[in-house]
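Engineer: Here you go, one structure.
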Amino acid sequence: MLFGRKKKNPIKIADKGVVDWKYTTCGYCSTGCSIEVGLDAGGQAVASRGVGGADVNRGKLCLKGIFEHELFTSSNRGSVPLMREKRYDPFREVSWDQALDKVGSEIQRIQGSYGRDAFAVVSTGQIMTEEFYTLGKLARGVIGTNNYDGNTTLCMSSAVSGYKRSFGSDGPPGCYDDFEHTECLLAIGSNLPEQHPVIFWRLREVLEKRKFPIIVVDPRVTMFAQMADMHLPITPGTDLVLLNSLAHVILDEGLEDHGYIEANTNGYEDFAKLVAQYDPTTASKICGIDEDTIRNVARTYARAGAAMTIWTMGINQSTHGSDGVVGINNLNLITGNIGKPGGSSLSITGQSNAMGTREWSSCSGLPGYRALESEADREDIASFWGIDPEFFPKKRGLFQTDIFPAIETGQIKGLWIIATNPMTSMTNTARIRKTLENLEFLVVQDAYQDVETNEYSHVYLPAGLWAEKEGCFTNTERRVNLTRNVVPPYGDSKPDLWIFSEMAKRFEQGRKMRFPETAEGVFEELRQLSKGRMLDYSGMSYDKIEQQRGIQWPCTEGAQTGTPRLYVDGKFQHADGKAKLIPLPFVDNNERPDEEYPFWLNSGRVVEHFHTRTRTGKIGNLNKFSPTPYMEMNPDAARALGVVHGSYARLTSRRGDAVVMVQLTQRVPPNMVFIPFHFHECVNRLTLGLLDPHSRQPAFKHCAVKIEPVADQQAASVRNKAARTY
Ligand SMILES: Nc1nc2c(c(=O)[nH]1)N[C@H]1C(S)=C(S)[C@@H](COP(=O)(O)OP(=O)(O)OC[C@H]3O[C@@H](n4cnc5c(=O)[nH]c(N)nc54)[C@H](O)[C@@H]3O)O[C@H]1N2
Ligand SMILES: Nc1nc2c(c(=O)[nH]1)N[C@H]1C(S)=C(S)[C@@H](COP(=O)(O)OP(=O)(O)OC[C@H]3O[C@@H](n4cnc5c(=O)[nH]c(N)nc54)[C@H](O)[C@@H]3O)O[C@H]1N2
Ligand code: SF4
Ligand SMILES: [Mo]
């Protein structure tokens, strides 16, 4: 007799004919999963699988990783450089020399006519560390523009700013292993199960062995909120009030760690004076969390032997993003939860190499966490690169979010965009379109030629993607992972590293400088420049990184391996070695719902898509789960407006309008809608993006809209160019 499964057809996994598995690292999110790509006898990439012995993912991949090998030949990859004299004319195919000569001469023309800073460079969090460093050498050391930044301003700049203010330096102090030791996890504005599925799986694995409280702060009932012990559906943009109030209760009830505060921090008195104003009764009226819950969370957190906070864009993308991060650091400093197993302020990073750009790209300063403002740092790098230190500016230039307005005012005339797609990902895209039309010259360097921003370019440079190249990514827990080259770049596309080095040759100063040809050659410069510093790479090599499946910096010369946690000895990076407790008054400066625009517009991500869908929109097994722009809307609110499930609705803000399909769900409260930002001509037509004063990061998640049903679905879908069918 047959029982159970045996009665059914057994699951068969198709034989893909893999003859060789090649080690590399996933190129999507910052989790940093080790991945192997299977090649068939013809050298084609036909499969991906997780690496069993890798500490990060232990054999697992999320569904983006599982289909990642399909990227190499996905549609609309760029294979040859393209050029046109006038925007919107048809492109013509050109040789690499023609394209690079044109870009080089346009940079020189613009700088010659309008000054060095009139040409700007906007990069990404998604190329290799060695490529970032080389781009920095080119932008700072050869081209010499101070208007050089990256899309990390849309993503991690609040975390960077908050870490610097509290601890004196960037650098997430904790690691995934903290889940093994913590007794309380507070997760603010992070939807870990969808956005970092493998970090979430690490957490779940620990929870199966040992129970500890999970507290999720998010205005939506996310998948994370559904599994939490406590869900705090906070009023958007008011996390700082909650954090101040948690500190209030902890100090009021004497639950703080006196010894730690005394030994390792300063600023306590001013901080205590400020949080005294945020009693739970007052705070609950602003942040929407009832006072007993605030007290309960504060006591649970402070009484835990070790407690940690993780956060992502719900904190960073806010007008008080940087303050929110400092507020989290304050909480962990007063409870003595920095630098110990299970006690941490761990910012969950976004893009695969958002950390690598912070460390090495020179966007906000100089390589290896050096500052333009420091004479010694300028001299260090100038002598290493063989240039005059006076060539460097003495202060950082514009952030990405200030570069676009500077194009509007005519201060910037030329722009080079590398691996980012602001026509879909920036706030108020109608304004971005006009801004790009103001440029005398735009060059777009991307792996895909159909990236929306390319519609406005004069030159398109086709770049190799992910494992078509070699180099490192640093993940959320400071782990330097190696992406080994698996297949050659598509068509005649070139690795970004090659493009940057070739561009340098178009400049007199660049011809005199050394640009190593291989990524490993560049890595040697990183080793030397980081020796003895906080982010020491000197004990790493490519082979050692591959053997250990990633190494966490610092890894000093001769050390067996890296370091899981920072600040273990309570010594911080401020001049006096102490961390700062910083008072943070809350200023309510968001656009809020009112009578005319009665809904909060919240935006974020879904598990199967990555950002602007240049990649995941073309992978059938990902796109089929979420092919259409849609919004989550509460059924009660929808009923009042006559909006029905599965129909279309028009959203209007003070900036513009967008049409989306309606998904009715209790995930969102009646006064809020949520839209994944992956689709072009969609949510960012509506967003306002007020900037955080410290980090210049936009408040993508907070603005106000009105909603009306749209009768004609046909018109709606034509209007909405986003329904791409690759
Ligand atoms: N599948 C997938 N994974 C990704 C990415 C992707 O595009 N797709 N992108 C990667 C990148 S670059 C990033 S930055 C991360 C982002 O990762 P997450 O930040 O986890 O993702 P989001 O969906 O942007 O936002 C998280 C949550 O913030 C909440 N939120 C909105 N406003 C507030 C608020 O005022 N307070 C609080 N507490 N919460 C609020 C939203 O409701 C949302 O559920 O994901 C990375 N991983
Ligand atoms: N409304 C709203 N807007 C948001 C957000 C939100 O939550 N809500 N989140 C913001 C955040 S956190 C982020 S990080 C941004 C992301 O916004 P973008 O950076 O604009 O998004 P991506 O689609 O990842 O763009 C990366 C581009 O790089 C290309 N690319 C990939 N690999 C390579 C490579 O190796 N070389 C080159 N040259 N190109 C490559 C891809 O094809 C793609 O076009 O969006 C921001 N915008
Ligand atoms: S969790 Fe992130 S790093 Fe891991 S497979 Fe998924 S997208 Fe890649
Ligand atoms: Mo991001």
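Engineer: Residue by residue, what Karplus-based ³J(HN,Hα) values in Hz, rounded to whole numbers, does the stretch 248-261 have, using 6.51, -1.76 and 1.60 with θ = phi - 60° and x for Gly and Pro?
Structural biologist: Ordered by residue, 3J(HN,Hα) equals 4, 5, 4, 6, 4, 9, x, 8, 6, 9, 3, x, 5, 4 Hz.
Engineer: When only DSSP loop residues count, what trypsin sites (Lys or Arg not before Pro) in the stretch 633-701 have their Cβ near at most 16 other Cβ atoms within 10 Å? Intermediate values should be presented prior to the final figure.
Structural biologist: Numbers: sites: R639, R650, R654, R655, R667, R685, R696, K701; in loops: R654, R655, R667, R696, K701.
Those that pass, being in a loop and sparsely packed, are R654.
Engineer: Compute the signed sum of charges (Lys and Arg +1, Asp and Glu -1) over the other residues within less than 13 Å, Cβ to Cβ, of H248.
Structural biologist: Details: positive: K273, R295, R299; negative: D252, E253, E256, D279, E291.
Summing Lys and Arg as +1 and Asp and Glu as -1 gives -2.
Engineer: Here's a follow-up. May I have the convex hull volume per residue, in Å³, for the Cα set of the stretch 325-384?
Structural biologist: Numbers: hull volume 8.1 nm³, N = 60.
Expressed per residue, the convex hull around the Cα atoms of the stretch 325-384 is 135 Å³.
Engineer: To continue, here is another question. List the residues, sorted by chain then number, that are 5 or more residues from G339 or on another chain and whose placed amide H is less than 5 Å from its amide H.
Structural biologist: S345
Engineer: What relative contact order, as a whole-number percentage, does the stretch 599-723 give when Cα pairs under 8 Å and 6 or more residues apart are counted?
Structural biologist: On the way: 267 pairs, mean separation 43.2, N = 125.
Averaging sequence separation for qualifying contacts and normalising by length gives 35 percent for the stretch 599-723.
Engineer: May I pose another question? Can you give me the pair-distance distribution of the stretch 565-649, C-alpha pairs, 10 Å bins, whole percents?
Structural biologist: Result returned by the calculation: 11, 22, 20, 21, 18, 7, 0.
Engineer: Still on this model: What pairs in K340/K580; K16/K544; K137/K512; K137/K531; K64/K164 have C-alpha atoms more than 23 Å from each other? Working shown, then result.
Structural biologist: Values: K340/K580 18 Å; K16/K544 30 Å; K137/K512 13 Å; K137/K531 19 Å; K64/K164 33 Å.
From the list (K340/K580; K16/K544; K137/K512; K137/K531; K64/K164), the Cα-Cα distance tops 23 Å for K16/K544; K64/K164.
Engineer: What accessible area per residue, rounded to a whole number of Å², is obtained for the chain using a probe radius of 1.4 Å?
Structural biologist: On the way: 25670 Å² over 726 residues.
In whole numbers, the chain has 35 Å² accessible per residue.
Engineer: Next question, about the same structure. What do you get for GluC sites (Glu not before Pro) in the stretch 310-415 restricted to DSSP loop and a cutoff of at most 14 other Cβ within 10 Å of the site's Cβ? Before the final figure, lay out the partial values.
Structural biologist: Working: sites: E359, E373, E375, E379, E390, E408; in loops: E373.
The qualifying sites are E373.
Engineer: Could you tell me what % of all Cα pairs in the chain have separations over 53 Å? Intermediate results must be reported in sequence, preceding the final value.
Structural biologist: Numbers: 17098 of 263175 pairs.
Summing the P(r) of the chain above 53 Å gives 6 percent of all pairs.
Engineer: Where a Cα-Cα gap under 27 Å defines reach, which lysines qualify for K706, not counting those fewer than 8 residues away within the same chain?
Structural biologist: Cα-Cα hits under 27 Å: K285, K434, K721.
Engineer: Work through the residues other than A504 whose Cβ is under 9 Å from its Cβ and net out their charges, Lys, Arg +1 and Asp, Glu -1.
Structural biologist: Details: positive: K137, K505, R506, R511; negative: E502.
With Lys, Arg at +1 and Asp, Glu at -1, the neighbours total +3.
Engineer: Also: Read phi for every residue in the stretch 341-350 and hand back ³J(HN,Hα) as whole Hz from Karplus 6.51 cos²θ - 1.76 cosθ + 1.60, θ = phi - 60°, with x for Gly and Pro.
Structural biologist: x, x, x, 6, 10, 10, 6, 7, 6, x
Engineer: Just order 31-41, 97-107, 131-141, 567-577 by mean Cβ neighbour count inside 10 Å, highest at the front, would you?
Structural biologist: Numbers: 31-41: 22.8, 97-107: 18.1, 131-141: 27.6, 567-577: 14.5.
Highest to lowest by the protection proxy: 131-141, 31-41, 97-107, 567-577.
Engineer: To two decimal places, what compactness ratio does the stretch 430-483 give when its Cα radius of gyration is scaled by 2.2 N^0.38 Å? Walk me through the intermediate numbers first.
Structural biologist: On the way: Rg = 15.6 Å, N = 54, 2.2 N^0.38 = 10.0 Å.
Working it through for the stretch 430-483, the quotient is 1.55.
Engineer: How are the Cα pair distances of the stretch 63-222 distributed, in percent, across 5 Å bins from 0?
Structural biologist: 2, 6, 9, 12, 15, 14, 10, 10, 9, 7, 4, 3, 1, 0
Engineer: Taking each pair of distinct Cα atoms in the stretch 599-723 once, what is the resulting Kirkwood hydrodynamic radius in Å?
Structural biologist: 14.8
Engineer: Also, quick follow-up: Taking the alpha carbon gyration tensor of the stretch 46-137, what are the square roots of 5 times its eigenvalues, largest first, to the nearest whole Å? Numbers along the way, then the final one.
Structural biologist: Details: eigenvalues 282, 82, 22 Å².
In descending order the semi-axes read 38, 20, 11 Å.
Engineer: Same structure again: May I ask you to evaluate 6.51 cos²θ - 1.76 cosθ + 1.60, the Karplus curve with θ = phi - 60°, for each residue of the stretch 539-556 and list the ³J(HN,Hα) values in order in whole Hz, giving x for glycine and proline?
Structural biologist: x, 9, 9, 4, 5, 5, 5, 5, 4, 8, 6, x, 10, 8, 6, x, 10, 7
Engineer: Beyond 25 Å, what share of the Cα-Cα pairs of the stretch 508-636 remains, rounded to the nearest whole percent? If you can, show how the numbers build up before the last one.
Structural biologist: Details: 5407 of 8256 pairs.
Result for the distance tail: 65 percent.
Engineer: Given a 1.4 angstrom probe, I'd like the percentage of the accessible area of the chain that is carbon and sulfur, rounded to a whole number. If you can, show how the numbers build up before the last one.
Structural biologist: Numbers: 12650 of 25670 Å².
On the chain, the fraction of accessible area on carbon and sulfur atoms equals 49 percent.
Engineer: Eigenvalues of the Cα gyration tensor times 5, then square-rooted: what semi-axes does that give for the stretch 20-73, in whole angstrom, largest first? Please report the intermediate quantities before stating the final value.
Structural biologist: Working: eigenvalues 69, 30, 12 Å².
Semi-axes from the Cα gyration tensor: 19, 12, 8 Å.
Engineer: Still on this structure, I have one more. Hey, if you drop one equal point scatterer on each alpha-carbon of the stretch 173-347 and run the Debye formula without solvent, what base-10 log of I(q)/I(0) do you get at q = 0.11, 0.15, 0.16 Å⁻¹?
Structural biologist: After summing over all Cα pairs, the log10 values are -0.40, -0.78, -0.90.
Engineer: Alpha carbons only, please: Rg and Dmax for the stretch 439-572, in angstrom.
Structural biologist: 18.1, 53
Engineer: If Lys and Arg each add +1 and Asp and Glu each add -1, what is the summed charge of the other residues whose beta carbon sits under 11 Å from the beta carbon of C62? Before the final figure, lay out the partial values.
Structural biologist: Working: positive: K60, K64; negative: E68, E194, E608.
Charge balance near C62 sits at -1.
The values are calculated or read from the model by the stated rules, or taken from the named source; none is laboratory data. In this text the structure is predicted, and so the values were computed from the model without any measurement. Because the Cβ atoms are built from the backbone with ideal geometry, glycine has one as well, and the counts that use them run over all protein chains shown. Surface areas here come from the heavy atoms of the whole protein model, side chains and all, with no ligands, DNA or RNA. Shrake-Rupley method; radii C 1.70, N 1.55, O 1.52, S 1.80 Å.
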